[in-house]
1. Suppose the filter is modelled with pLDDT of 85 or more, assigned to a helix (DSSP H, G or I) and open to solvent by less than 30 Å² (accessible area, probe 1.4 Å); does F171 pass it?
2. Would you please list the contacts, defined by Cβ atoms under 7 Å and residues six or more apart or on different chains, that run from a residue in the stretch 40-63 that is assigned to a strand (DSSP E or B) and open to solvent by 20 Å² or more (accessible area, probe 1.4 Å) to a residue that is of a type in the set (F, W, Y) and modelled with pLDDT of 95 or more?
3. Kindly list the number of the only condition in (1) open to solvent by 40 Å² or more (accessible area, probe 1.4 Å); (2) over 26 Å from I11 (Cα atoms); (3) outside any loop (DSSP other than H, G, I, E, B) that fails for Q137.
4. Among the residues of the stretch 116-125, is there at least one that is of a type in the set (V, I, T), touching a strand residue (DSSP E or B) at 6+ places or on another chain (Cβ under 8 Å), over 19 Å from K7 (Cβ atoms) and part of a loop (DSSP other than H, G, I, E, B)?
5. Would you pick out the residues in the stretch 78-115 that are farther than 20 Å from F127 by Cα and either of a type in the set (A, V, I, L, M) or in a helix (DSSP H, G or I) (or both)?
6. So which residues in the stretch 99-139 are closer than 18 Å to L87 by Cβ, modelled with pLDDT of 95 or more and aromatic (F, W, Y), if there are any at all?
7. When you look at I129, is it of a type outside the set (F, W, Y) and touching a Gly at 6+ places or on another chain (Cβ under 7 Å), yes or no?
8. Six or more apart or on different chains, Cβ under 6 Å: which pairs go from a residue in the stretch 146-163 that's surrounded by fewer than 18 Cβ atoms within 10 Å (Cβ to Cβ) to one that's in a strand (DSSP E or B) and among the polar types (S, T, N, Q)? Could you list them?
Amino acid sequence: MAVLTDKGRGIRAMFDAIAPRYDLLNRLLSLGIDRRWRRVAVGQLRVPPGGLVLDMAAGTGDVALEIASRTPDSVRIIAEDFTQGMLLAGRPKLAASPYAQRIGLVNASCEAIPHPDGLFDGVTIAFGIRNVVDRAQGLREICRVLKPGGRAVILEFSMPANRLFGALYRFYFNRVLPFVGGLLSQRSAYRYLPDSVAAFPSQQVFKQMMAEAGFSGLYHRDLTFGIATVYVGERPV
């Protein structure tokens, strides 16, 4: 793995700490909506039979399992995360699934993806690009490992544009979520989450970052009143 900055090491340590209860908290704090968001994101992929997909920032493997469930048996998935604790927490879930033989695990960071150019038919990253310290480098790496014509699908939290709904959302995000998360896991991690979402660029700015990293055919789709956004881009042919 590439050498991490102090900030990167801090983020990794935080996710290591919350890994054992990560799935429970995701379901509880999102009221289960995160499953739908992942289904929508995976639905944007175009993977041929015999294809290979990289799920970056894979966490405990939810997106990798969703990809496996919706693609032919000949498709293989690499679930990659820079937090070893997340991969270890997800390993029993992957092993118990009918897709265990199709999903491999790799411990690596998005800024230094350890795979050759043009290897993957698709790359996904769900709720992970926000945590990449050098985001521009991470996007360049994702573009690099895609085959020409391959598609990247990025799912990330965003801030709702509607003023009333946005105010309710910010109250939940800044007050309720850290309190409930702190009861079951590490409170600081659930204070970090709203801060990191607030600091994430707008949809248009992030698409511009993707364009500068080499992607074309860019578009985005807001989900659940703008709580989350799916971004799609392709490596030019």
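1. On the way: modelled with pLDDT of 85 or more: yes; assigned to a helix (DSSP H, G or I): yes; open to solvent by less than 30 Å² (accessible area, probe 1.4 Å): no.
Here the answer is no, as F171 does not meet what is asked.
2. Short answer, once both residue conditions are applied: L52/F120.
3. (2)
4. no
5. Result: P92, A95, A96, A100, Q101, R102.
6. Hit for the stretch 99-139 is Y99, nothing else.
7. Working: of a type outside the set (F, W, Y): yes; touching a Gly at 6+ places or on another chain (Cβ under 7 Å): yes.
Judged against the criteria, I129 is a match.
8. Every condition considered, no pair remains.
The values are calculated or read from the model by the stated rules, or taken from the named source; none is laboratory data. This structure is a prediction, so every number in the text was calculated from the model and none was measured. Please note: Cβ atoms are built from the backbone with ideal geometry, for glycine as well, and neighbour counts cover all protein chains shown. What goes into the accessible areas is simple: the full protein's heavy atoms, side chains included, and nothing from ligands, DNA or RNA. Shrake-Rupley method; radii C 1.70, N 1.55, O 1.52, S 1.80 Å.
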